[in-house]
1. Would you please report the Å³ per residue occupied by the convex hull of the alpha carbon atoms in the chain?
2. Going by a ≥ b ≥ c, the root eigenvalues of the Cα gyration tensor, does the range 241-330 fall in the rounded group (a/c under 1.5), the prolate group (a/b larger than b/c) or the oblate group?
3. Using a Gaussian network model of the chain with C-alpha springs under 10 Å, which one of 170, 46, 243 is most mobile by mean-square fluctuation?
4. Using only Cα atoms, locate the centre of the range 185-206 and the centre of the range 120-177, then give the distance between them in Å, rounded to an integer.
5. Over the range 121-232, what is the relative contact order in whole percent, taking alpha-carbon pairs under 8 Å and six or more residues apart?
6. Quick one: angle between helix 4-16 and the longest Cα principal axis of the chain, in degrees between 0 and 90, rounded to 10, please.
7. Find the all-direction average of the projected area of the Cα convex hull for the range 131-283, expressing the result in square nanometres with one decimal place.
8. By how many degrees, 0 to 90 and rounded to 10, does the Cα axis of helix 288-297 deviate from the longest principal axis of the chain?
Ligand SMILES: [Cu+2]
C-alpha cells in the first residue's frame, strides 16, 4: 500500500487536472445528464446497500459461529429453510423492481424521437477520423468542432460515422451514442444553461482517438439567431488575390468557407472565433493565428493520423502559411 500511495496521489492529480470544461457526468448541466446521474445514483445506492448488508451478515456469522477452542463437535446439519428461502428470493425481486422500473422508464424516455419535431433544432453529426462535422439540416449550415446550440430548444441529433465507429459524448449534458458508418442513430439533448461544454469521442477509433475533442457552446436564442445569420452570410475570402487563389486551390478542395469549397474536411466559416484549432490547440493559451499557423504547418504533430497534409506537401511557402493563418484568424463571427 505504501508503494502504491505515490501512484494514487499522482493519478488523483492527473485526473483532477483533466481539461478545463468539466468532463464529469457527476456534475450534470442538463436534464438528460441529470436523469442519467439519477439512474447511476439509484443503482450504485442499491448495490452499496446489498454489499453492506451481505458483508455485515457475513462478518457477524464468522465471529458469532466460529469454532471455539476445544470444541470438537459437529454442528447441527440443516437442510432447507422455507422462511429463509422466501426472504432471499423476495428481497432481490423487490430490489430489481426498484431498479428496473425507473431505468426502463428513463431509457425509453431518453430515446424519444424529436426528428420530426418542428420546434427542435435538427443536427446531423458526422464523426470523422479525428474531427466532428455538424450539419444544421433545417438551416442549411455546416460547421465543425464547435456545436452551437440555443438554450431554449431541444436538439435532435442524427448520428453517423464517416469512416470507422466513433461515439458522440458530452458528459455534462448527456450521451453517449455510437456513430456508425452507414447507420443512422438518433438521440436528443437539451442545454438549458449557457456555457461551453466539452465533448469527446468515446469509442477507440485510431491513434488520435483521445484527441478527438469538440465543444458544445450553448448560447441565448437571440445569439443563436445571430450565429445562424452570420454563418449564412456570403463567405469572406482572403483580400490578397494571390493568397485567395492559393487558398482556393490548396485548401478549399477539402475544406469550405460558407458554400465555397469541398466537403471532406472541416468547414472553416468563422474559424477565428472558435475556442480551439483542430479541437485541441486552445486559442486562449496561444493566439488563434499562431495555432492555425502551427496546425497548417504540420497537422500530424498535433494529431497523429490526421488526413491533412503538411504545408510543404501542400505546396505552401512559409509566407503563404502565415498569410492564410492571418486571414483565418481574422475570420470571426459576431454572435
Ligand atoms: Cu474516437
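Read-outs throughout are calculated quantities, based only on the coordinates presented, and are distinct from any laboratory measurement. Here the structure is a predicted model, which is why all the values come from computation and not from measurement. Note that we place each Cβ from the backbone using ideal geometry, even for glycine, and neighbour counts take in every protein chain shown.
1. Each residue corresponds to 194 Å³ of Cα convex hull volume.
2. It comes out rounded by the Cα gyration axes.
3. Per the Cα network of the chain with a 10 Å cutoff, 46 tops the list.
4. Taking the Cα centre of the range 120-177 as reference, the centre of the range 185-206 is 7 Å away.
5. 29 percent
6. Long axis of 4-16 versus the principal axis of the chain: about 50 degrees.
7. Here the figure is 9.3 nm², rounded to one decimal.
8. 90 degrees
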